[in-house]
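One structure is given here, and the rest of the page talks about it.
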Amino acid sequence: MNKQVDVVVIGAGAAGMMCAATAAKRGKRVVLIDHASKLAEKIRISGGGRCNFTNLQAGPANFLSENPHFCKSALSRYTPQDFLALLQRYRVAWHEKHKGQLFCDSSAEDIIQVLKSECDAAKVQWRMPCSVSGVEQLPERGFLVKTSQGELVTESVVIASGGLSIPKIGATDFAHQIARQFQLKMVEPRPALVPLTFDAQSWAPFIPLAGISLEVDIATGDKKQKMQFREDLLFTHRGLSGPAVLQISSFWQPGTAIRINLLPEVDLAEELLVGKNSSKKNLVNFLAQYLPARLADGLLQAHGFDGAAKLAEMQDKRLRLLGEKLNRWELIPSGSEGYKKAEVTRGGVDTRELSQQTMMVTKVPGLYFIGEAMDVTGWLGGYNFQWAWASGFAAGSSV
Ligand code: FDA
């Protein structure tokens with residue numbers, strides 16, 4: 001016989017657990033399904049193991065979507081302070097690191113345990129590991145959910161199976177399959193918050209810089225739609241990474257350039273021209289006043305300058321060119337490291353198909369999407385978890 005429940009949530013990650021606990025606290029009979037054997041791996045590995053679980057400054061401006069107003073309602077009804085109040089009840093210690101980013105003092109496991117305890121206290125029924133082979137809409141109302149642990153008949157189904165990033169810890173395109181099955185529009189998915197790569201030949205001169213990190217200004221887009229961040233950049237063997245590059249990757253359009261100011265506080269051409277008249281230094285020693293010596297040396301070589309050349313003997317034109325290369329380095333990535341390294345997926349289920357109050361598909365009553373599965377993508381810095389909590393809470397309050 002089929003088991004009758006009120007809500008089936010598919011995906012026991014950040015959004016799924018928040019939704020299941022919220023609904024079960026309202027007295028709903030909730031089944032929470034996940035195909036993984038280990039709970040919430042993405043939370044576990046997040047924030048370098050300490051989970052950047054929210055951002056004090058989180059607001060609609062920190063999210064990308066083709067429907068930018070969609071996230072407003074849910075974000076205003078479940079705020080970073082609401083999540084902090086939850087952590088307070090479980091005495092989870094946390095700290096602010098940088099620009100409003102909040103991390104666990106101890107480990108991301110604290111966040112998993114809080115959410116699991118909330119689900120257990122509200123009597124959520126776990127099915128894990130358990131796979132779902134079909135979700136069928138029933139003729140009158142509700143759905144039949146076919147799983148490896150039997151069939152469930154339910155009023156509501158919440159798809160909380162996340163995005164495509166990091167397939168080796170269980171990411172799948174389940175949400176996109178369900179969207180296709182119910183003929184919902186999609187916004188083309190793409191890896192985001194991801195390191196950028198360059199073709200092997202053009203990157204070869206920069207390989208010796210791998211491992212070096214520094215604070216930069218990074219920008220992409222034209223005057224009308226320019227995005228800019230000041231964050232740390234990291235040179236890698238295949239290209240560029242670090243928070244600066246992850247942030248800009250979400251806005252970067254393939255085929256276009258990114259612009260990097262390696263010395264945001266210094267007008268280098270100006271300094272070089274003044275230095276030419278007063279300094280006996282060679283180029284590399286002069287630059288080492290502003291940059292780590294290894295980076296100064298590597299950048300000069302990569303851009304075709306002789307580090308041993310005396311500043312005083314150089315042409316103004318060459319010094320201006322060097323200033324330009326370091327203050328306004330323009331380069332066109334050939335691609336990204338893809339879903340195997342991306343922190344999130346941009347795009348997903350088109351939010352114009354969903355109610356912004358409840359996350360329910362407007363043309364399929366009882367079907368909901370939450371979290372990263374839909375076209376709402378946060379900046380780096382705790383915003384994606386805040387969206388998982390807020391959208392999970394919105395759906396959990398409505399199912
Ligand atoms: P999430 O991915 O958390 O959960 C989806 C669940 O669905 C998983 O448990 C999965 O096993 C399950 N599932 C998938 N397919 C299924 C299927 N077919 N059947 C059944 N179950 C299925 N964000 C942030 O705000 N701060 C941070 O510090 C970080 N750090 C970070 C580091 C790294 C390395 C990554 C990859 C990502 C981050 N993120 C982050 C992003 C953040 O982890 C992400 O946005 C949220 O986990 C999304 O929450 P969801 O619940 O939507 O999906």
For residues that are in contact (Cβ under 8 Å) with a residue 12 or more places away in the chain, more than 13 Å from the ligand (Cβ to nearest atom) and surrounded by fewer than 20 Cβ atoms within 10 Å (Cβ to Cβ), scanning just segment 122-138, find the one that is nearest to VAL157 (Cα to Cα). GLN137
Which of the following residues is surrounded by fewer than 21 Cβ atoms within 10 Å (Cβ to Cβ), more than 15 Å from the ligand (Cβ to nearest atom) and not in a loop (DSSP other than H, G, I, E, B): GLN201, GLN225, GLN177? GLN201
Does ALA192 fit the bill of being crowded, with 21+ Cβ neighbours inside 10 Å, within 16 Å of the ligand (Cβ to nearest atom) and over 25 Å from SER131 (Cα atoms)? yes
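Quick one: in segment 106-116, which of the residues that are within 21 Å of the chain's Cα centre (by Cα) and surrounded by fewer than 20 Cβ atoms within 10 Å (Cβ to Cβ) is nearest to ILE43 (Cα to Cα)?
Taking the candidates together, the pick is GLU109.
If you go through segment 8-32 one residue at a time, how many are more than 6 Å from the ligand (Cβ to nearest atom) and in contact (Cβ under 8 Å) with a residue 60 or more places away in the chain?
Counting residues in segment 8-32 that are more than 6 Å from the ligand (Cβ to nearest atom) and in contact (Cβ under 8 Å) with a residue 60 or more places away in the chain gives 17.
Filter segment 377-396 down to the residues that are aliphatic (A, V, I, L, M) and near the ligand (Cβ under 10 Å from one of its atoms), then identify the one that is surrounded by the most Cβ atoms within 10 Å (Cβ to Cβ).
Looking only at segment 377-396, we keep the residues that are aliphatic (A, V, I, L, M), and these are 380, 388, 390, 394-395.
Right, trim to near the ligand (Cβ under 10 Å from one of its atoms) and you get 380, 388.
Working: LEU380: 25, ALA388: 28.
This residue is ALA388.
Restricting attention to strands (runs of 3 or more DSSP E) lying wholly within segment 6-105, give those where 3 or more residues are at pLDDT 95 or above and under 30 Å from PHE143 (Cα atoms).
30-33
Looking only at segment 53-69, how many residues end up being buried (at least 23 other Cβ atoms within 10 Å of the Cβ) and either within 7 Å of the ligand (Cβ to nearest atom) or among the hydrophobic types (A, V, I, L, M, F, W, C) (or both)?
Here the count works out to 2.
Go through segment 121-134 and give me each residue that's more than 27 Å from the chain's Cα centre (by Cα) and closer than 23 Å to GLY170 by Cα.
VAL124, GLN125, TRP126, ARG127, SER133, GLY134
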List every residue pair whose Cβ atoms lie under 7 Å apart, where the two residues are 6 or more positions apart in sequence or sit on different chains, the first residue falls within segment 211-237 and is without any contact (Cβ under 8 Å) to a residue 24 or more places away in the chain, and the second residue, located anywhere, is acidic (Asp, Glu) and buried (at least 19 other Cβ atoms within 10 Å of the Cβ). GLN228/ASP217
What's the number of the only condition in (1) assigned to a loop (DSSP other than H, G, I, E, B); (2) within 16 Å of the ligand (Cβ to nearest atom); (3) surrounded by 18 or more Cβ atoms within 10 Å (Cβ to Cβ) that LEU184 fails to meet? (2)
Taking the condition touching a helix residue (DSSP H, G or I) at 6+ places or on another chain (Cβ under 6 Å) and aliphatic (A, V, I, L, M), does ALA288 pass? yes
ALA85, sole failed condition from (1) closer than 19 Å to MET18 by Cα; (2) more than 10 Å from the ligand (Cβ to nearest atom); (3) touching a residue at least 12 places away in the same chain (Cβ under 8 Å): (3)
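Restricting attention to segment 348-364, does a residue exist that is over 30 Å from VAL9 (Cβ atoms) and part of a helix (DSSP H, G or I)?
Within segment 348-364 (the criterion being over 30 Å from VAL9 (Cβ atoms) and part of a helix (DSSP H, G or I)), the answer is no, since none of the residues qualifies.
Of everything in segment 65-82, what is over 11 Å from TRP387 (Cβ atoms) and either in contact (Cβ under 8 Å) with a residue 12 or more places away in the chain or in contact with a Lys or Arg (Cβ under 6 Å, 6 or more places away or on another chain) (or both)? Give them in sequence order. Write out each step before concluding.
Narrowing segment 65-82 to residues over 11 Å from TRP387 (Cβ atoms): 66-69, 72-73, 76-77, 79-82.
GLU66, ASN67, HIS69, LYS72, SER73, ARG77, THR79, PRO80, ASP82 - these are the residues of segment 65-82 that are over 11 Å from TRP387 (Cβ atoms) and either in contact (Cβ under 8 Å) with a residue 12 or more places away in the chain or in contact with a Lys or Arg (Cβ under 6 Å, 6 or more places away or on another chain) (or both).
The values are calculated or read from the model by the stated rules, or taken from the named source; none is laboratory data. This structure is a prediction, so every number in the text was calculated from the model and none was measured. Virtual Cβ from ideal backbone geometry, glycine too; neighbours counted across all protein chains shown.
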